[in-house]
Amino acid sequence: MGEIIENEKPAKGKKKRARKHGTHIDMTPMVDLFCLLLTFFMLTTAFNKPKVMQIALPEKPKPGEKVVAPEINQSRALTLILSDNDKVLWYAGLADPTKPPLPVLNETDFSKDGIRKLLLQRNKELFKQIYLLNKDVTEGKLDISQDSLETRIRDLMRDDKSGPIILVKASDGVNYKNLVDIIDEMVITNIARYTLTDINPVEKMMVRNFKNAKSSVAASN
Amino acid sequence: MGKIKLGKKSPRIDMTPMVDLFSLLLVFFILTATFRPEEAAPIDPPTSISQTPIPSQNLATIEIAKDNRVFFNIDNGSDTTKHIRAKVLQAIGSQYQIKFSPEEIKKFEKLSAFGVPVAKMKDFIAADNADARAAMMTGIPMDSTDNQLSMWIRFARTYNGELDVAVKGDGTAEYPTVKKVIDALQDNNVNRFNLTTNPEANDVSLDETL
């Protein structure tokens, strides 16, 4: 895109020749076009690529196939029931109507001092291990690749013997955000074992009783 | 005669560097452009701390709108000569005794997410602009008697073995709908899938546990 500027001397001779034009390209239309295209592309580009959260669920039993429910250690079992109005009801242990008493329901929420505190307390060991491992890597004390870091974390999670086994159950009034939030909390607190399952009739009854008790308390006040 | 007369020159700006810069930027934007897909309905996904980017190819997206309508979208895969979208459409058409013409299939390949029952697919493809199409989207039926979402997933998986599934739901979508979507996935043995989220900072520290 060089430009040649000719000396524009007035013609001396008598003959008025057609003056040689300098090869001067007017770039304004081109610049206009570029500007337009540039603006168009800038505005239509989606820069912020969305992120994804991976989730793996246990396989669904095929019809006719009998599945033996895995034995869950009662002391490690923790059930979170997502309830409407962004509340989480939880109980420790198992709710077995044949072996009363039924566990007590507690209410908490999605805030930092709510569900996260609960999960961190119960998953202290594993969380600490993974946290320190991550810290060593970010501070450069430990020089390993991202892949081997992930493998190590996976191994730690697999060998976890004390952390909670969490069953997340959602009732019908829950929205999608609650579901994503609770799975996110699992990831944040490095819970090794959790899954999504359906709420069972016993728990439905427990939730109903809990709500009734709460509303009667509120009414008596 | 002694004085040199300067020719009256119009102030000419040398635009070469500007043009250079513009062309560079333009080339950059053209090459990096990934166009925002035509959105069936505005969806505002919840946030999570996840940093994993969404797979760019071989992806089936299930969108759940605010009003619990469900949309489906698949891409043509990493090898566009396989025409996966076309095959899936033909397969599902044959289930409902609907024959799609080559022109319809060609047009369908260029569309993005859709949320219409298969019976209305012909009208949907024939619609001439995005607004008309958006008005037609009533969501993909997921009743137990006519679970079309499950069928779409099944055919998508049949024709694309490397398919990843991403569920992009609005934060306010209701759980029963989400549950139906997850069930449709699990019925097709998709037990690993992605939930599309917006990024959020992770601010948890060790002190909180102590």
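The values are calculated or read from the model by the stated rules, or taken from the named source; none is laboratory data. As the structure is a computational prediction, the values presented were derived from the model and not from experiment. Quick reminder, even Gly has a Cβ in these numbers, built from the backbone with ideal geometry, and neighbours come from all protein chains shown.
A few points about this structure:
- One residue stands out in the range A:49-72 among those that are modelled with pLDDT of 75 or more and assigned to a loop (DSSP other than H, G, I, E, B): the one that is surrounded by the fewest Cβ atoms within 10 Å (Cβ to Cβ), namely A:59.
- Checked against (1) within 30 Å of residue A:122 (Cα to Cα); (2) surrounded by 12 or more Cβ atoms within 10 Å (Cβ to Cβ); (3) modelled with pLDDT under 75, residue A:77 meets all criteria but (3).
- Flag if residue B:128 is away from chain A (no Cβ under 14 Å), in a loop (DSSP other than H, G, I, E, B) and either surrounded by fewer than 20 Cβ atoms within 10 Å (Cβ to Cβ) or of a type in the set (D, E, K, R) (or both): yes
- Residues (assigned to a strand (DSSP E or B) and within 7 Å of chain A (Cβ to nearest Cβ)) located in the range B:20-57: B:35, B:48, B:52, B:53
- Some residue of the range A:84-94 being within 11 Å of chain B (Cβ to nearest Cβ) and in contact with a Ser or Thr (Cβ under 8 Å, 6 or more places away or on another chain): yes
- Flag for residue B:172 being assigned to a loop (DSSP other than H, G, I, E, B) and either within 10 Å of chain A (Cβ to nearest Cβ) or closer than 24 Å to residue B:122 by Cα (or both): yes
- Helices (runs of 4 or more DSSP H) within the range A:123-221 that include 2 or more residues within 19 Å of the chain's Cα centre (by Cα): A:124-138, A:146-158, A:176-188
- Breaking point among (1) farther than 30 Å from residue B:74 by Cα; (2) at the interface with another protein chain (Cβ under 10 Å from one of its Cβ atoms); (3) modelled with pLDDT of 70 or more; (4) out of contact with any helix residue (DSSP H, G or I) (no Cβ under 6 Å at 6 or more places or on another chain), for residue B:11: (2)
- Tabulated pairs, the range A:107-124, first more than 11 Å from chain B (Cβ to nearest Cβ), second surrounded by 16 or more Cβ atoms within 10 Å (Cβ to Cβ) and among the small types (Gly, Ala, Ser), C-beta under 9 angstrom, 6+ apart or interchain: A:107/A:83; A:108/A:114
- Residues that are within 12 Å of the chain's Cα centre (by Cα) and either away from chain A (no Cβ under 13 Å) or among the small types (Gly, Ala, Ser) (or both), drawn from the range B:58-80: B:58, B:60, B:71, B:72, B:73, B:74, B:75, B:76
- When residue A:107 is tested against (1) crowded, with 16+ Cβ neighbours inside 10 Å; (2) in a strand (DSSP E or B), exactly one condition is not met: (1).
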